[in-house]
Amino acid sequence: MLFNLQILIDAPIFNVQLLLNGVTVGAIFALAAYGLALVWGVMNVKNLCQGEFVIMGGYIAYYMYTKGIHPMFALPVAIVLMFMFGWFVYRLVISKVIDRDLFTSLLATFGLAIVLQQALNLIFGPEVVTAESGMANRIILGDVAVQDIRVLSLVVACLLAVAVVVFMKNSRMGQAIRATAQDARAAKVMGIDTDQVYAFTYSLNAAICGAAGVLISMIWVIQPFYGITHSIRAFVIVVAAGLGNLPGVIVAGLGLGVAEQYGGFVLGTDFQQVTVTGLLVVVLVILQILMARHRQVVE
Amino acid sequence: MAIDFSKHTRRGALAVMGVAAAALLTGHAAQAKVEGDTIILGSAISLTGKYSTNGIHAQNGYELAVKRINEMGGVKVDGKSYKLKVVYYDDESTPARGAQLAERLIKQDGVQYMLGPYSSGLTKAIAPISEKYKIPMVEAEGASRSLFTQGYKYLFAVLSTSEQYLASAITLAAEIAEKNGKKPSDVRIAMAFENDPFSQDVRAGVMDDAKKYNMQIVIDDKLPRDLSDMSTTLTKVRAVKPDVLVVSGHSKGAATAARQLAEMKIDTPIVAITHCEAAKIISKFGATTNDILCPTQWAETLSYSGKYFGSAADYDKLFKATYEGYKNVPYQAAQASAAVLVWKDAFERANSLDKDKVRDAIAATDMMTFYGGIKFAPEGNNIAKPMVLRQIQNETLNVVAPSKYASHPVNWPRQVPGS
């Protein structure tokens, strides 16, 4: 461990590699986390099948890749298909549990996650798959490996994030979603069809996850049972950033990506994920302390 | 009175029928090991779930050997000719289910001769059951060293154990170092192994060989079960520039490593990865995988040959003709066939269907097959067949080590992907 730290001090160039890899993948985490923040904030549903939506998007890209289509073209397809799938899932399951207590929706989405994993396993088999972009890999600054696909997905992730933000700010549906998030009852009184808003929000989340999945399949590998790790990441990011805090989600997403890379480098690759959950614990402890202090001030 | 009497007889009749049914059932169970002229083997195998791909390969291997043996006159015991048949249950790739099904095969179906499941994990779950009932099991898909340190008396494996998987790569590195006028002890090794029993066994084998040559381990990373990114390990590899990189993490480890080695243009001169074939890295990543070394239990190009299938190449041809959709015959299928051959050979040498006599005959096996030599150590593992190392050369796998079986010279140093 100390030896690994020594490498980073002796050859600072490798910090650049870790930062770069962390930021490019962190941007994709932020995307999926933003979808979760939406659903959580607007509908108060903690969507445990978030990661499965991501993996489904990945498999859409993989499927198109096996048919000879460049996986980048899967992006619009995944967005549309996953939006429709989100709508279907909302009507079938989520709309029935949205008014129930926390545990009902947790159990329902957890069950959904299992069903989706097994369905993907039945359709695509259990082996890991990748969608190859065929784009160039280069070495810059002597020792830093840069993949064009990572840079491109960073750009795409940013564009998607901007598009969602603009949509939420300016469109009628976006305004309705924000109104519902603030006060669902008041929104209803004002004539907003909240059920429609919920359905749209959930579908939008699925579409965002699908897009994230397409990008993930081109820079990492996917497998039917890998959804859970993406769900955990999304939860950590949202908890750390706080609901409805978009800049927070982006910073937390990028930060998590980088932290994972450093964790993996210093402690070994099997600690990459541990870093995520470790950070969640740290964040929760800090939030608890801050809240306790806040309570004292209020008292 | 009359009514009472009739009641009694009815009850009596029911009881008799019950006893008769029970007798039928138990009688059936006791004879299930041999039905008429058919010897019944049993196996819990992964036909669904995460191991289903390889589970089906194994089942195909079992079936091909059964078909072949039956076509060649079956198994001759005590002057009588028997056919072979295998009863399968799907263990859904879960150890708990596998153990239940083994119990069912033995207790309910009366199976007295077992074939193994797929994977070390499932074998580990099933071996205690077959051991408990003293039912011999010849397995072909559980390579973990730890299966053969428990003192099992009824477990036999035709494949090479896991610690041999990458040890040959270390020996090869030592040979290359000597050829280039360097000392083997100058060789620096980077290791990345999944944190599961199988891969850790592979690691132990590498460690043993590295110690033998006094080589230095410069990276020793563990990979997570849900591995999707190992760029941090590879960044370290770029930083410390080892002479050898060895990776083992099942199919996902092979796929992740092959992809990221190319993406990051890692220039380690020797790279050896397990499960290249299962992960299909050549068809996935093409020429970027050239010069990667892949250990294998068996290859169709090897010069092994035996009575039932002819040479390794003959087996390859027959398998492809029998089962559609195979471009390469996976070694998982070949070793499954070999396990059935062990049963046939043992039945005939024991000249008996008594499970304990057959068990002793299995223990004394010493045969040559298309899959290689088979001879069991007292612990039950096969000591007559080495692992071979193949290198991806021009997108095909050629045997390069051990030198006795090598068909091509090894390419060294490895060509850097994309350069």
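The values are calculated or read from the model by the stated rules, or taken from the named source; none is laboratory data. Computed from a predicted structure; not experimentally measured. Neighbour counts are summed over all protein chains in view; Cβ atoms, including those assigned to glycine, are modelled from backbone coordinates with ideal geometry. Just so you know, the surface numbers come from the protein's heavy atoms only, side chains and all, with ligands and any DNA or RNA stripped out. Shrake-Rupley method; radii C 1.70, N 1.55, O 1.52, S 1.80 Å.
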Number of the exception - A:PHE83 against (1) of a type outside the set (Val, Ile, Thr); (2) under 20 Å from the mean Cα position of the chain (by Cα); (3) surrounded by 20 or more Cβ atoms within 10 Å (Cβ to Cβ): (3)
Residues satisfying the stated conditions in the stretch B:71-84, i.e. open to solvent by less than 70 Å² (accessible area, probe 1.4 Å) and not in a strand (DSSP E or B): B:GLY73, B:GLY74
Residue within the stretch A:32-39 that is open to solvent by 30 Å² or more (accessible area, probe 1.4 Å), within 27 Å of A:ILE114 (Cβ to Cβ) and at pLDDT below 95 present: yes
Test: B:LEU155 is under 23 Å from B:HIS250 (Cβ atoms) and touching a Phe, Trp or Tyr at 6+ places or on another chain (Cβ under 9 Å): yes
Conditions (1) open to solvent by 10 Å² or more (accessible area, probe 1.4 Å); (2) assigned to a strand (DSSP E or B); (3) under 30 Å from A:GLY51 (Cα atoms): number failed by B:PHE193: (1)
Neighbours by Cβ (under 6 Å, 6+ apart or cross-chain): first from the stretch A:11-24, more than 7 Å from chain B (Cβ to nearest Cβ); second of a type in the set (Asp, Glu): A:ILE13/A:ASP143
Residue satisfying all of: in the stretch B:38-51; open to solvent by less than 30 Å² (accessible area, probe 1.4 Å), under 9 Å from B:ASP91 (Cα atoms) and not polar (S, T, N, Q); modelled with the lowest pLDDT among these: B:GLY49
Matching residues in the stretch A:225-257 - criterion: being farther than 15 Å from A:GLY22 by Cβ, small (Gly, Ala, Ser) and open to solvent by less than 10 Å² (accessible area, probe 1.4 Å): A:GLY227, A:SER231, A:ALA234
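Can you name the residue in the stretch B:206-224 that is in a loop (DSSP other than H, G, I, E, B) and touching a Lys or Arg at 6+ places or on another chain (Cβ under 9 Å) and is also farthest from the other protein chains (Cβ to nearest Cβ) among such residues? Working first, answer last.
Looking only at the stretch B:206-224, we keep the residues that are in a loop (DSSP other than H, G, I, E, B), and these are B:214-215, B:224.
Of the ones still in play, those that are also touching a Lys or Arg at 6+ places or on another chain (Cβ under 9 Å) are B:214-215.
Numbers: B:ASN214: 20, B:MET215: 17 Å.
Once the filter is applied, the top-ranked residue is B:ASN214.
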Lone unmet requirement of (1) charged (D, E, K, R); (2) surrounded by 16 or more Cβ atoms within 10 Å (Cβ to Cβ); (3) free of Cβ contacts under 8 Å to residues at least 60 places away in the same chain; (4) more than 22 Å from B:TYR133 (Cα to Cα) for B:ARG68: (3)
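State yes or no: is A:LEU92 open to solvent by 70 Å² or more (accessible area, probe 1.4 Å), at pLDDT 90 or above, farther than 30 Å from B:ALA239 by Cα and more than 14 Å from chain B (Cβ to nearest Cβ)?
Taking the combined requirement at face value, the residue satisfies it.
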Condition met for B:GLY116 (under 22 Å from B:ALA377 (Cβ atoms) and open to solvent by 20 Å² or more (accessible area, probe 1.4 Å)): no
Count of residues meeting criterion [open to solvent by less than 40 Å² (accessible area, probe 1.4 Å) and touching an Asp or Glu at 6+ places or on another chain (Cβ under 9 Å)] in the stretch A:1-28: 7
Close pairs from the stretch A:93-109: first under 17 Å from A:ALA184 (Cα atoms), partner part of a helix (DSSP H, G or I) and open to solvent by 30 Å² or more (accessible area, probe 1.4 Å), Cβ under 8 Å, at least 6 apart: A:ILE94/A:TYR198; A:SER95/A:ASP195; A:SER95/A:TYR198; A:VAL97/A:THR104; A:ILE98/A:TYR198
Selected residue [over 9 Å from the mean Cα position of the chain (by Cα) and either within 14 Å of chain B (Cβ to nearest Cβ) or more than 27 Å from A:GLU132 (Cβ to Cβ) (or both)] from A:GLY41, A:GLY51, A:GLY57: A:GLY41
Helices (runs of 4 or more DSSP H) (entirely within the stretch A:183-296) containing at least 2 residues that are touching an Asp or Glu at 6+ places or on another chain (Cβ under 6 Å): A:227-241
Test: residue in the stretch B:367-381 that is within 27 Å of B:ASN328 (Cβ to Cβ), out of contact with any strand residue (DSSP E or B) (no Cβ under 8 Å at 6 or more places or on another chain), in a loop (DSSP other than H, G, I, E, B) and not aromatic (Phe, Trp, Tyr): no
Residue match in the stretch A:260-282 (condition: modelled with pLDDT of 90 or more, under 18 Å from the mean Cα position of the chain (by Cα) and either within 20 Å of A:ILE28 (Cβ to Cβ) or open to solvent by 20 Å² or more (accessible area, probe 1.4 Å) (or both)): yes
Of residues in the stretch B:52-64 being out of contact with any Pro (no Cβ under 7 Å at 6 or more places or on another chain) and either open to solvent by 50 Å² or more (accessible area, probe 1.4 Å) or away from chain A (no Cβ under 12 Å) (or both), the one farthest from A:ALA119 (Cα to Cα): B:LEU64
Failed item, numbered, when A:VAL77 is tested on (1) modelled with pLDDT under 95; (2) open to solvent by 20 Å² or more (accessible area, probe 1.4 Å): (1)
Enumerated strands (runs of 3 or more DSSP E) restricted to the stretch B:226-338, each holding at least 1 residues that are within 11 Å of chain A (Cβ to nearest Cβ) and buried (at least 22 other Cβ atoms within 10 Å of the Cβ): B:244-248
Residue within the stretch A:89-104 that is of a type outside the set (A, V, I, L, M, F, W, C), within 30 Å of B:PHE285 (Cβ to Cβ) and over 19 Å from the mean Cα position of the chain (by Cα) present: no
Unmet requirement for A:SER133, which otherwise passes all of (1) touching a Lys or Arg at 6+ places or on another chain (Cβ under 8 Å); (2) surrounded by 15 or more Cβ atoms within 10 Å (Cβ to Cβ); (3) not aliphatic (A, V, I, L, M): (1)
Pick from the stretch A:202-224, criterion of a type outside the set (S, T, N, Q) and open to solvent by 10 Å² or more (accessible area, probe 1.4 Å), ranking: farthest from the other protein chains (Cβ to nearest Cβ): A:LEU204
Cross-chain or 6+ apart pairs with Cβ under 6 Å, the stretch B:210-227 first and in the same structural domain as B:ALA173 (by TED's automatic domain parsing), then surrounded by fewer than 18 Cβ atoms within 10 Å (Cβ to Cβ) and in a loop (DSSP other than H, G, I, E, B): B:LYS222/B:ASN195
Output for the stretch A:153-171, where each listed residue is under 25 Å from B:GLU263 (Cα atoms) and open to solvent by 60 Å² or more (accessible area, probe 1.4 Å): A:VAL155, A:CYS158, A:LEU159
